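Student: Can you keep this structure in mind? I'll have questions shortly.
The values are calculated or read from the model by the stated rules, or taken from the named source; none is laboratory data. Only a predicted model underlies this, so the values are computations on that prediction, with no experimental measurement involved. Here the Cβ positions follow ideal geometry from the backbone for every residue, glycine too, while neighbour counts run over all protein chains shown.
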Amino acid sequence: MRKGRSFAALLAIGCAVVLSGCSLADLCKPDPQVSMTDVHTIYKQNCAGCHGEQLQGVSGPDLKTVGAKYDNDQLKQLILKGSPNGMPAFQDKLNDAQVVRLVNMLANEK
C-alpha cells in the first residue's frame, strides 16, 4: 500500500507541474538571485587567474565582450573542452550547474 501512495504522490506532483505550465527545462534553470552570488565565486576560483577579476584579461583574453563573440553553446564547449590556444578544459572540475551559471554570466558580457 505504501508503494501505491508514493506513486500517487509523484503523479500528483507531475500533474501540478504540467498544469502550471512549467517544463522540466524551467525546473533546471538556476535562480538568478542565487546564481549570481555563486557564479562570481565560481569565476573567481576557476577563471580570474587568467581572465582577471574584472574580465579584463591577464594571461588569457579579455572577456568583457565574449557574449557578443560566442553563443551559449560555444561558451559551454570552450569551458568544458578548453581551447587550442591554451585554455584548459574544465569538464572534470566544474559540474553542470556551475557551467550553466558561467555560460549565463558570460553570455551577458556584450
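Student: Suppose we filter segment 23-55 for residues that are modelled with pLDDT of 95 or more, closer than 19 Å to Asn72 by Cα and more than 13 Å from the chain's Cα centre (by Cα); how many remain?
Tutor: Residues in segment 23-55 being modelled with pLDDT of 95 or more, closer than 19 Å to Asn72 by Cα and more than 13 Å from the chain's Cα centre (by Cα): 4 in total.
Student: Being under 17 Å from Val39 (Cα atoms) and without any contact (Cβ under 8 Å) to a residue 24 or more places away in the chain narrows it down to one residue among Gly67, Gly52, Gly57; which is it?
Tutor: Gly52
Student: How many of the residues in segment 64-110 are surrounded by 12 or more Cβ atoms within 10 Å (Cβ to Cβ), outside any helix (DSSP H, G or I) and basic (Lys, Arg)?
Tutor: 2
Student: Would you tally the residues in segment 39-92 being among the aromatic types (Phe, Trp, Tyr) and within 21 Å of Lys110 (Cβ to Cβ)?
Tutor: Final tally of qualifying residues: 2.
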